[in-house]
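See structure below.
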Amino acid sequence: MRHIAQEDLVQSIADALQTISHCHPADFVQALRRAHDAETHAPARDAMAQLLINSRLSYFGKRPLCQDTGVVQVFVRLGAEVQFTRRDGRRLRSLQALVNEAVHQAYTDPANPLRASLVRDPLGARSNTRDNTPGIVQVELTEGDALKVLVVAKGGGGDVKARFATLNPSDSVVDWVLAQLPGMGAGWCPPGVLGIGIGGSPEQAMLLAKQSLFTPIDIDLLRERGAATAEEALRLELHQRINALGIGAQGLGGLTTVLDVKVASAACHAATIPIALVPNCAATRYTRFTLDGSGPATLTLPPPELWDGIPERFDSPQAARVNLDTLDAAQVARWRTGQTLLLSGRVLTGRDAAHKRLADLLHAGQPLPVDLKDRVIYYVGPVDPVPGEAVGPAGPTTATRMDKFVDTLLAQTGLLAMIGKAERGPAAIRLIQKHKAAYLVAVGGAAYLLSKAITHAKVLAFDDLGMEAIHEFELKEFPVTVAVDAAGRSIHRHIGLRLVP
């Protein structure tokens, strides 16, 4: 029988969450560097450059890779011969309670506070839990006396794009997967890894897909030696054919949409092929540890040499510099899809909750707490700052969630442009064209890099919304790409949005 103190489990999970918040796995950085070096499409190459710079800055600065610091998911393999103890002599607690304690400790750490994204009462008040609890716990009872733990901080942009279907045995798994990719858009922040779960029951297929993501990227090695199983052959075919779709980094086009494809399978009913797809985004965050009763786990970071040669700031000689404080409709009309801009001056922020309040006020004929005329709004919910920062990591959120508000704000406020990540829907694109506005994309997964371009921040309205309050940021050379210009041309034409010329 092996005795393990519950306090050690709590401390190990908390340490793991802090570590993965700012440190990419080494295999991800290596794969992204290879993809960047091979890329020939300028917007995609610039996006991957920003992801690599962000990875370097986060590693050395010990600040989050992404403002969405993830939903905590803990996978526990508990040996039947493990017995928990407590050093403080108090009663033993459930694994759920221990994980929640670790999440609270990690996400409220004053040295590196992490954004709380979870809300309770999802069909009612949707109030933020303020510490990102509860964590999601999966437990497998195994033989032996080992306690093995996988700790994951999974971003919402990846999980929201998950897919499931039950195919007939004669259906093509490849065709089904390829059909999903355009509809998934770029909200999962490619390039990343796709996990495919095949077989079992519906919930088992989803779990297989998700767990497959947390294994090393090795598609190049697999290609060199060749497939030995049907699962490996499927990985190779999907990797090649998905990248041939031309979706590319951040949906901007290019050679690399997926860095790897993982496949896990299980026995299933003879009449079905349950299949699940779960993507992992550019903010890949996970680690493993084993407890043996000797104390908390010791986590080993990748060597700093992994980031050698990656610069500390992003610069594009071809970028147009834009002063937001003097921006007008005539300047916006001159922007062209695919153009890189470096923004300086004041920008407003607003996400789902703030947009709904603004729209409700406009519909009721009430004055707005901020003047949107000739302004740009950034879809962002930043991490709380630490001393020396104007704002914590502040990357973009998925823009399509704000599509329903586009007509109201553009028609009634004089708003000039919006900044977010991923594509806009066809209706939103038509409205942007109608009002001669523009939509700009910042790189999802480059939140710490982007925060370095924010020199001042203050809350202007809806303070009770926390990270969703309306802020005003002062920017200095904040990098964006024109995704939809005033003529309605969309850069995301590779992901099923070719409804506008």
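The values are calculated or read from the model by the stated rules, or taken from the named source; none is laboratory data. All values derive from a computational prediction rather than experimental measurement. So basically every Cβ, Gly included, is an ideal-geometry build from the backbone, and we count neighbours across all protein chains shown. Surface accessibility is based on the protein's heavy atoms, side chains included, excluding ligands, DNA and RNA. Shrake-Rupley method; radii C 1.70, N 1.55, O 1.52, S 1.80 Å.
Test THR455 against the stated conditions and say whether it is under 21 Å from the mean Cα position of the chain (by Cα) and modelled with pLDDT of 95 or more.
Answer is no for this residue.
Within 24 Å of ALA35 (Cβ to Cβ), out of contact with any helix residue (DSSP H, G or I) (no Cβ under 8 Å at 6 or more places or on another chain) and crowded, with 19+ Cβ neighbours inside 10 Å: is that true of GLY187 in this structure?
No.
If VAL151 satisfies all but one of (1) touching a Ser or Thr at 6+ places or on another chain (Cβ under 6 Å); (2) assigned to a strand (DSSP E or B); (3) open to solvent by 30 Å² or more (accessible area, probe 1.4 Å), what's the number of the condition it fails?
Result: VAL151 passes all but (3).
Kindly check whether there is at least one residue in the range 174-182 that is touching a residue at least 12 places away in the same chain (Cβ under 8 Å) and either on the phi > 0 side of the Ramachandran plot or charged (D, E, K, R) (or both).
no
Working only within the range 448-477, note down all residues that are of a type in the set (Phe, Trp, Tyr) and within 17 Å of VAL376 (Cβ to Cβ).
Hit for the range 448-477 is PHE473, nothing else.
Looking only at the range 239-258, which residues are under 28 Å from PRO396 (Cβ atoms) and over 19 Å from the mean Cα position of the chain (by Cα)?
Once the filter is applied, which keeps residues that are under 28 Å from PRO396 (Cβ atoms) and over 19 Å from the mean Cα position of the chain (by Cα), the range 239-258 yields HIS239, ILE242, ASN243, ALA244, LEU245, GLY246, GLY254, LEU255.
Output the number of the condition that PHE164 fails; it satisfies all remaining conditions of (1) surrounded by fewer than 21 Cβ atoms within 10 Å (Cβ to Cβ); (2) not in a strand (DSSP E or B).
Among (1) surrounded by fewer than 21 Cβ atoms within 10 Å (Cβ to Cβ); (2) not in a strand (DSSP E or B), the lone unmet condition for PHE164 is (2).
Determine whether ASP88 is in a loop (DSSP other than H, G, I, E, B), out of contact with any Ser or Thr (no Cβ under 9 Å at 6 or more places or on another chain), among the charged types (D, E, K, R) and at pLDDT 95 or above.
no
Can you name the residue in the range 220-240 that is among the hydrophobic types (A, V, I, L, M, F, W, C) and in contact with a strand residue (DSSP E or B) (Cβ under 7 Å, 6 or more places away or on another chain) and is also surrounded by the fewest Cβ atoms within 10 Å (Cβ to Cβ) among such residues?
Within the range 220-240, the match that is surrounded by the fewest Cβ atoms within 10 Å (Cβ to Cβ) is LEU234.
Looking at the range 294-319 only, could you name the residues that are surrounded by 15 or more Cβ atoms within 10 Å (Cβ to Cβ) and either charged (D, E, K, R) or modelled with pLDDT of 95 or more (or both)?
PRO296, ALA297, LEU299, PRO302, LEU306, TRP307, ILE310
A quick yes/no check of all residues on (1) of a type outside the set (Asp, Glu); (2) over 30 Å from LEU17 (Cβ atoms); (3) within 29 Å of the chain's Cα centre (by Cα):
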residue	(1), (2), (3)
ILE310	yes, no, yes
ASP328	no, yes, no
TRP335	yes, yes, yes
LEU341	yes, yes, yes
GLY350	yes, no, yes
ALA359	yes, yes, yes
LYS373	yes, yes, no
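Got at least one residue in the range 345-354 being modelled with pLDDT of 95 or more, among the hydroxyl-bearing types (Ser, Thr, Tyr) and open to solvent by 10 Å² or more (accessible area, probe 1.4 Å)?
No, because not a single residue in the range 345-354 is modelled with pLDDT of 95 or more, among the hydroxyl-bearing types (Ser, Thr, Tyr) and open to solvent by 10 Å² or more (accessible area, probe 1.4 Å).
Output the qualifying pairs, or none if there are none: Cβ atoms under 6 angstrom, residues six or more apart or on different chains, first residue in the range 31-50 and outside any helix (DSSP H, G or I), second residue not aliphatic (A, V, I, L, M).
So the pair list comes out as GLU39/ARG45; GLU39/GLY254; HIS41/GLY253; HIS41/GLY254.
State all residues of the range 202-250 that are assigned to a helix (DSSP H, G or I) and among the β-branched types (Val, Ile, Thr); if no residue qualifies, say none.
Listed by number, the residues that qualify are ILE219, ILE242.
Within the range 66-77, can you find the residues that are open to solvent by 30 Å² or more (accessible area, probe 1.4 Å) and either without any contact (Cβ under 8 Å) to a residue 60 or more places away in the chain or among the aliphatic types (A, V, I, L, M) (or both)?
Passing the criteria: only VAL71.
Among the residues of the range 259-289, write down those that are more than 17 Å from the chain's Cα centre (by Cα) and aromatic (Phe, Trp, Tyr).
Passing the criteria: only PHE289.
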